[in-house]
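Notes follow once the structure below has been shown.
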Amino acid sequence: MNSTLKGSACGVIAAVAYGTNPLFSLNLYAQGMDVESVLFYRFAIAALVLGAAMLLSGRSLRVGRREMGTLALAGVVFAMSSQTLYQSFLYMDAGIACSILFIYPILVAVIMALFFHERASLLTYGCIGMALAGIAMLYKGDGQTALSAVGLSLVALSSLCYAVYIVGVDHSVLRTVPSARMTFWVLAAGAALFFALTGFGANLHPLAPTAACLGNVLGIGLVPTIIPILFINIAIKNVGPTYSAIIGALEPVTALVIGAVVFGEQVTGRILLGAAMILVAVTLIVARPLLSRVPVARRHKDMS
């Protein structure tokens with residue numbers, strides 16, 4: 001399998017898996033669990049499962065001092081992206097929140113232009129405008145009640161953190177760290193952060209001894225956590241951050257479907273139009289370099 005096909009396949013898997021976040025988190029909220037407890041269990045279980053699998057297969061978890069500091073920082077940034085997204089679910093429908101979250105590829109392009117001297121074209125600015133217009137459509141998703149400004153701000157911050165994480169992985173020493181090993185330490189750093197935020201366990205919500213609770217906790221630790229972060233790391237290393245982002249269009253689609261089918265969230269024509277505008281804007285901004293004749297290995301260095 002060549003690097004382009006491998007990166008694309010991993011991007012699809014990561015996007016669909018990450019889009020299942022509402023399926024488990026909303027069920028845990030309904031059982032009385034707070035955001036920090038949900039995220040501690042999510043990151044801790046994922047780190048334990050992945051670490052055990054690596055040790056049993058004979059793979060090392062060891063990293064150098066140089067990498068450890070960067071891994072800890074990456075873990076905090078990724079954890080903050082999750083924290084703000086999960087908090088936003090308390091203020092707006094999860095499907096809409098995940099649709100707005102999808103502006104992160106545009107933020108990746110902006111960061112690359114501002115800090116890594118990639119040229120920003122008229123297409124880039126046009127797509128930013130289209131995405132903002134799409135968010136405005138979602139802002140009054142049901143045609144009557146406006147979205148919470150707090151929820152909207154939380155999703156925007158989540159998207160920014162995720163964009164910073166993606167660029168950071170591609171432009172740091174982490175590029176040389178094996179994907180599974182990097183994923184383990186990112187998850188471990190996130191678990192440590194959320195353990196601290198629960199008062200070092202004093203305010204950690206206990207697990208109810210029921211199949212529903214245990215199933216949702218295991219599900220959130222595996223499906224939208226280990227799978228997406230592991231596969232997005234592989235995708236980034238094979239085809240670059242912006243190329244990987246186009247596949248992420250499946251994230252909000254998955255979340256919208258789950259929100260509507262499982263939780264009865266309203267999906268109106270206005271919501272669909274707003275989500276479609278965001279998806280089109282992101283697709284245009286990341287598809288342009290893919291259609292050029294620049295070799296795949298260099299495309300993510302020459303994006304507009």
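The values are calculated or read from the model by the stated rules, or taken from the named source; none is laboratory data. None of the values given here were measured: they were computed from a predicted structure. All Cβ positions, glycine included, derive from the backbone under ideal geometry; neighbour counts span all protein chains shown. Side chains are part of the model used for accessible areas, which takes the heavy atoms of the whole protein and leaves out ligands, DNA and RNA. Shrake-Rupley method; radii C 1.70, N 1.55, O 1.52, S 1.80 Å.
Filtering Y91, Y125 for residues that are in contact with a Gly (Cβ under 7 Å, 6 or more places away or on another chain), open to solvent by 50 Å² or more (accessible area, probe 1.4 Å) and either outside any helix (DSSP H, G or I) or not β-branched (V, I, T) (or both) leaves a single hit, Y91. Please tell me if I100 is surrounded by 19 or more Cβ atoms within 10 Å (Cβ to Cβ), over 19 Å from A196 (Cα atoms) and in contact with a helix residue (DSSP H, G or I) (Cβ under 7 Å, 6 or more places away or on another chain). So I100 fits the description; yes. Answer yes if at least one residue in the range 170-186 is under 18 Å from A46 (Cα atoms), surrounded by fewer than 17 Cβ atoms within 10 Å (Cβ to Cβ) and not acidic (D, E), and no otherwise. Yes; the residues of the range 170-186 include at least one that is under 18 Å from A46 (Cα atoms), surrounded by fewer than 17 Cβ atoms within 10 Å (Cβ to Cβ) and not acidic (D, E). For the range 1-11, a residue qualifies if it is among the hydrophobic types (A, V, I, L, M, F, W, C), open to solvent by 60 Å² or more (accessible area, probe 1.4 Å) and part of a helix (DSSP H, G or I), and exactly one does: L5. Applying the condition of being open to solvent by less than 50 Å² (accessible area, probe 1.4 Å) and at pLDDT 80 or above to the range 279-290 and asking which residue is farthest from the chain's Cα centre (by Cα) yields A281.
Please verify whether the range 17-33 includes one or more residues that are farther than 25 Å from R181 by Cα, in contact with a His (Cβ under 8 Å, 6 or more places away or on another chain) and not in a helix (DSSP H, G or I). Yes, there is a match, as at least one residue in the range 17-33 is farther than 25 Å from R181 by Cα, in contact with a His (Cβ under 8 Å, 6 or more places away or on another chain) and not in a helix (DSSP H, G or I). Among residues that are buried (at least 18 other Cβ atoms within 10 Å of the Cβ), aliphatic (A, V, I, L, M) and under 23 Å from L174 (Cα atoms), V49 is not included.
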